């Protein structure tokens, strides 16, 4: 649909949710502060500061970054999730994963490495000894 590789900033609806419906193919780099639901096809990169839901009919050829994610479709690319990643039984992931917590349902397909390095996924600034003393 879009031939030029370009960066697109997702618009916000009143519910702060962006939906890429089944039958829609999108190319580019996407960033959102709200929830993102993908049931169509995406090529490029996907980044949200909130939750990502990849439906059973979705085909993603992109690196993915999210605070939380539920994947039920196909993802070819690396996945970086700050908090919790759920791979549903219908998911097919080909790429490396970095997350704090992962849940993999029976039947999920996963080909890649998993890293559960807390420091790599933490978006919170590290506290200093002085910060800890002030909180005490």
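Values quoted throughout were computed directly from the atomic coordinates according to the rules given, and no laboratory measurement underlies them. Keep in mind that this is a model prediction, so the values were computed, not measured. Cβ coordinates were reconstructed from backbone atoms using ideal geometry, including for glycine residues, and neighbour counts include every protein chain displayed.
Values for this structure:
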quantity: Residue in the range 65-73 that is in contact with a strand residue (DSSP E or B) (Cβ under 7 Å, 6 or more places away or on another chain), surrounded by fewer than 18 Cβ atoms within 10 Å (Cβ to Cβ) and either within 22 Å of residue 101 (Cβ to Cβ) or in contact (Cβ under 8 Å) with a residue 60 or more places away in the chain (or both) present; calculated: yes
quantity: Residue list for the range 26-41, filter: farther than 14 Å from residue 73 by Cβ and either assigned to a strand (DSSP E or B) or out of contact with any strand residue (DSSP E or B) (no Cβ under 8 Å at 6 or more places or on another chain) (or both); calculated: 26, 27, 28, 29, 30, 31, 32, 35
quantity: Members of the range 74-88 found to be buried (at least 23 other Cβ atoms within 10 Å of the Cβ) and within 19 Å of residue 24 (Cα to Cα), listed by number; calculated: 75
quantity: Candidate set: the range 42-64, residues that are assigned to a loop (DSSP other than H, G, I, E, B) and touching a strand residue (DSSP E or B) at 6+ places or on another chain (Cβ under 6 Å); chosen: the one farthest from residue 28 (Cα to Cα); calculated: 50
